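S.K.: Quick one: this structure, given as structure tokens, is what I'll be asking you about.
The values are calculated or read from the model by the stated rules, or taken from the named source; none is laboratory data. Computed from a predicted structure; not experimentally measured. Note that we place each Cβ from the backbone using ideal geometry, even for glycine, and neighbour counts take in every protein chain shown.
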Amino acid sequence: MLQIRHVTKSFPGVRALDDVSVEFAPGEVHAIVGENGAGKSTLIKIICGVYTPDDGEVLLNGARITLHTYKDALDRKINLVSQEIQIIPKSTVAENIMLDKLDRYLTHGRIDWKRINQDAARYATMVDLAVPVRQIVATLSAAQKQLIMIARALSSDARILVMDEPTSALTRHETENLLALLRRLKAEGVTVLFVSHKLEEVLAVADKVSVLRDGCLIGTRPIAGLTKAQIVQMMIGRDARTLDLGRLKVDAGHVALEARSICQAGRFHDVSFVLQRGEILGFYGLVGSGRTELAQILIGEARKDSGEVLINDKPTHIHSMADSLFKYRMGYVSENRKEKGLILSASIKTNVAITIWNRLRDRLGSIQLAAETTAARKLMHALEIRATGPSQVVGSLSGGNQQKVSIAKWLAAQCDILIIDEPTIGVDIGAKEYIHQLIWNLASREGKSIILISSDMPEIINVARRILVFKDFKIVGEVRNNGEEGAPVRGYEEVSQEIGQYLA
Ligand SMILES: Nc1ncnc2c1ncn2[C@@H]1O[C@H](COP(=O)(O)OP(=O)(O)OP(=O)(O)O)[C@@H](O)[C@H]1O
Ligand SMILES: [Mg+2]
């Protein structure tokens, strides 16, 4: 039994946890939910020895424990899968999985690599990671790295397994597999702490849920009989609204971007589509269906073998992200904000200003700091970024707030065409609504042309005006959605069924 009693933790300018008491029983999956910045990761880091509490105590099986480092937690069989991807890129899959106990494979000064690889393969299979264990991890996808981190936690036979948003980079299949694994661990008496913004997962796997808001524990409840709406109510202190974005007036005579017969060996064959000015075009499909890969070609980060990309009816020559941004005013908000897109050691304002340095530069070539701060402040307000101010270092923000900074950065760049890839993974429900509204406003008020890539069906149906359905690197269907002026109103069910037909 793990008990947290009256724990308080402050950082400069913020009380991240305020007198929090909660208990975790063996064989229980206990979800921890709350908005971005509510204190979830801080609580978890205290349980895992990464932070020490200012006040209060942690008890394990009735005895008070003091953890100074993560190693102390490991010794007590408390294991963390953190929100950030922590992996050694130049090492193999096996080394990364067995990282915490490589020393056990040392006999007479020699490391038994064969046994390491064998054992690692077992854990890789448990999490359904289909990569040879001798492969170097640097080039693997975010999902594969996430699975490696989970396999690593399993390899140390944790009695208390703590997972901070483990599914944010996973596909539906991988997620289902993970949830099944958690149920097995639970049956073995393991205590699982599970932080997630995906309440469907929480309802599917957890026995109990604890809700944090602004560092305070709002309550702990059994999941049985609880609805999603009730959890949201506890999280945000009001009922959730469903946003009706209305209709989008598109400048139908103007094509902002046209892709003509894009080919890339082994992947795309003759892919064409058109994005109109002021339109929000959805790219829907499962993770791995080619949506991000096509975006990479558009912005010059991946090579095409043939085909053309036209912007404002003119042929383009885009060989890099910089070309895309500065020559053609086309930006890309990366799906994978955990790994790239932000300088964690720099402030919010520096991160936001990176793409606008060209605009902010004064005649002498130095950056106008005041302008930088003003731009950052405006965006922080618009996106409700919770921070002490524009000077706060991005690395010290909560995960979801880091995500918002990464979106702010691209908004600041004032592109005409924006490709936004999975914008709401890891952000809370309130912020999700906000980001949807913001994308809508960019198109409807500022006439920006937007490609929205998402695997979240409600999101794409709510926000996109037209939806291209991707499967196996092909566009298999086009769905005219609500939002188009003059078009008949279509219900959610009708649109989602049509999308489903193309995917079948
Ligand atoms: N090392 C740190 N230095 C300064 N402030 C911090 C630090 N770690 C967390 N905070 C602040 O403490 C608060 C709680 O952050 P925490 O990371 O626990 O939130 P969270 O609930 O995990 O949010 P998210 O859903 O976005 O991951 C935030 O205001 C955050 O900025
Ligand atoms: Mg967090």
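S.K.: Please go through segment 398-429 and give me each residue that is over 18 Å from residue 343 (Cα atoms) and within 15 Å of ligand 1 (Cβ to nearest atom), ordered by number.
M.R.: Taking segment 398-429 first, the residues over 18 Å from residue 343 (Cα atoms) are 414-429.
Within segment 398-429, 423, 424, 425, 426, 427, 428, 429 meet the criteria.
S.K.: Given the conditions (1) surrounded by fewer than 22 Cβ atoms within 10 Å (Cβ to Cβ); (2) in contact (Cβ under 8 Å) with a residue 12 or more places away in the chain; (3) out of contact with any strand residue (DSSP E or B) (no Cβ under 8 Å at 6 or more places or on another chain), report the number of the one that residue 159 does not fulfil.
M.R.: (3)
S.K.: In segment 50-73, which residue that is part of a loop (DSSP other than H, G, I, E, B) and closer than 22 Å to residue 31 by Cβ is nearest to ligand 1 (Cβ to nearest atom)? Show your work before the answer.
M.R.: So the first thing to find is which residues in segment 50-73 are part of a loop (DSSP other than H, G, I, E, B), and the list is 50-54, 61-62, 66-69.
Restricting the remaining residues to those that are closer than 22 Å to residue 31 by Cβ gives 50-51, 53.
On the way: 50: 9, 51: 8, 53: 13 Å.
Per the stated criteria, the residue is 51.
S.K.: Right, something else. Within segment 124-151, which residues are part of a loop (DSSP other than H, G, I, E, B) and surrounded by fewer than 20 Cβ atoms within 10 Å (Cβ to Cβ)? Spell out the reasoning first.
M.R.: The first filter runs over segment 124-151 and keeps only residues part of a loop (DSSP other than H, G, I, E, B), leaving 127-135, 140-141.
Within segment 124-151, 128, 130, 131, 132, 134, 135, 140, 141 meet the criteria.
S.K.: Further question: Among (1) away from ligand 2 (no atom under 16 Å from the Cβ); (2) surrounded by 15 or more Cβ atoms within 10 Å (Cβ to Cβ); (3) under 28 Å from residue 208 (Cβ atoms), which single condition is residue 98 missing?
M.R.: That leaves (3) as the condition not met.
S.K.: Something else about it: Restricting to segment 8-30, name every residue that is surrounded by fewer than 23 Cβ atoms within 10 Å (Cβ to Cβ) and hydrophobic (A, V, I, L, M, F, W, C).
M.R.: 11, 14, 22, 24, 25
S.K.: Separate question: Say we look at segment 11-49 and pick out the residues that are part of a loop (DSSP other than H, G, I, E, B) and more than 16 Å from ligand 2 (Cβ to nearest atom); which of these is nearest to residue 198 (Cα to Cα)? Outline the logic, then answer.
M.R.: Taking segment 11-49 as the starting set, the residues that turn out to be part of a loop (DSSP other than H, G, I, E, B) are 12-13, 25-28, 34-39, 48-49.
From what is left, the residues that are more than 16 Å from ligand 2 (Cβ to nearest atom) are 12-13, 25-28, 49.
On the way: 12: 30, 13: 29, 25: 23, 26: 23, 27: 22, 28: 19, 49: 26 Å.
Taking the candidates together, the pick is 28.
S.K.: Among the residues of segment 30-41, is there at least one that is touching a residue at least 24 places away in the same chain (Cβ under 8 Å) and more than 27 Å from the chain's Cα centre (by Cα)?
M.R.: Here is the first cut: in segment 30-41, the ones touching a residue at least 24 places away in the same chain (Cβ under 8 Å) are 30-41.
Filter once more, keeping what is more than 27 Å from the chain's Cα centre (by Cα): none.
For segment 30-41, residues touching a residue at least 24 places away in the same chain (Cβ under 8 Å) and more than 27 Å from the chain's Cα centre (by Cα): absent.
S.K.: For residues that are closer than 27 Å to residue 37 by Cα, away from ligand 2 (no atom under 16 Å from the Cβ) and of a type in the set (Ser, Thr, Tyr), tally how many sit in segment 145-177.
M.R.: Qualifying residue count, segment 145-177: 2.
S.K.: How many of the residues in segment 74-115 are without any contact (Cβ under 8 Å) to a residue 40 or more places away in the chain, in a helix (DSSP H, G or I) and more than 28 Å from residue 173 (Cβ to Cβ)?
M.R.: 8
S.K.: If you go through segment 267-323 one residue at a time, how many are surrounded by 15 or more Cβ atoms within 10 Å (Cβ to Cβ), polar (S, T, N, Q) and within 28 Å of residue 142 (Cα to Cα)?
M.R.: 3
S.K.: I would also like to ask the following. If only one of 180, 224, 187, 204 is loosely packed, with under 14 Cβ neighbours inside 10 Å, closer than 23 Å to residue 35 by Cα and in the same structural domain as residue 147 (by TED's automatic domain parsing), which one is it? Show your work before the answer.
M.R.: Numbers: 180 fails: closer than 23 Å to residue 35 by Cα; 187 fails: closer than 23 Å to residue 35 by Cα; 204 fails: loosely packed, with under 14 Cβ neighbours inside 10 Å.
Sole residue among the options that is loosely packed, with under 14 Cβ neighbours inside 10 Å, closer than 23 Å to residue 35 by Cα and in the same structural domain as residue 147 (by TED's automatic domain parsing): 224.
S.K.: Just give me the residues in segment 207-221 being buried (at least 21 other Cβ atoms within 10 Å of the Cβ) and outside any loop (DSSP other than H, G, I, E, B), in sequence order. Write out each step before concluding.
M.R.: At the first step, the residues of segment 207-221 found to be buried (at least 21 other Cβ atoms within 10 Å of the Cβ) are 209-212, 215, 217.
209, 210, 211, 212, 217, listed by residue number.
S.K.: Same structure again: Any chance you could count how many residues in segment 126-142 are in contact (Cβ under 8 Å) with a residue 40 or more places away in the chain and closer than 27 Å to residue 28 by Cβ?
M.R.: Residues meeting the conditions: 3.
S.K.: If a residue must be touching an Asp or Glu at 6+ places or on another chain (Cβ under 6 Å) and within 15 Å of residue 476 (Cα to Cα), how many such residues does segment 275-322 contain?
M.R.: Qualifying residue count, segment 275-322: 0.
S.K.: While we're on this one: Where in segment 377-468 are there helices (runs of 4 or more DSSP H), lying wholly inside it, with at least 2 residues that are in contact (Cβ under 8 Å) with a residue 60 or more places away in the chain, under 19 Å from residue 236 (Cβ atoms) and of a type outside the set (Asp, Glu)? Working first, answer last.
M.R.: Values: elements: 399-412, 429-444, 457-463.
Once the helices (runs of 4 or more DSSP H) in segment 377-468 are filtered for at least 2 residues that are in contact (Cβ under 8 Å) with a residue 60 or more places away in the chain, under 19 Å from residue 236 (Cβ atoms) and of a type outside the set (Asp, Glu), what remains is 399-412, 429-444.
S.K.: OK, next. Being touching an Asp or Glu at 6+ places or on another chain (Cβ under 9 Å) and surrounded by fewer than 16 Cβ atoms within 10 Å (Cβ to Cβ) is the filter here, so list the residues in segment 253-266 that pass it.
M.R.: Residues of segment 253-266 touching an Asp or Glu at 6+ places or on another chain (Cβ under 9 Å): 254-256, 258-265.
Residues satisfying the conditions are 254, 260, 261, 263, 265.
S.K.: Please go through segment 247-286 and give me each residue that is polar (S, T, N, Q) and either over 30 Å from the mean Cα position of the chain (by Cα) or in a strand (DSSP E or B) (or both), ordered by number. Can you show your working first?
M.R.: So the first thing to find is which residues in segment 247-286 are polar (S, T, N, Q), and the list is 261, 264, 272, 276.
Residues satisfying the conditions are 261, 272, 276.
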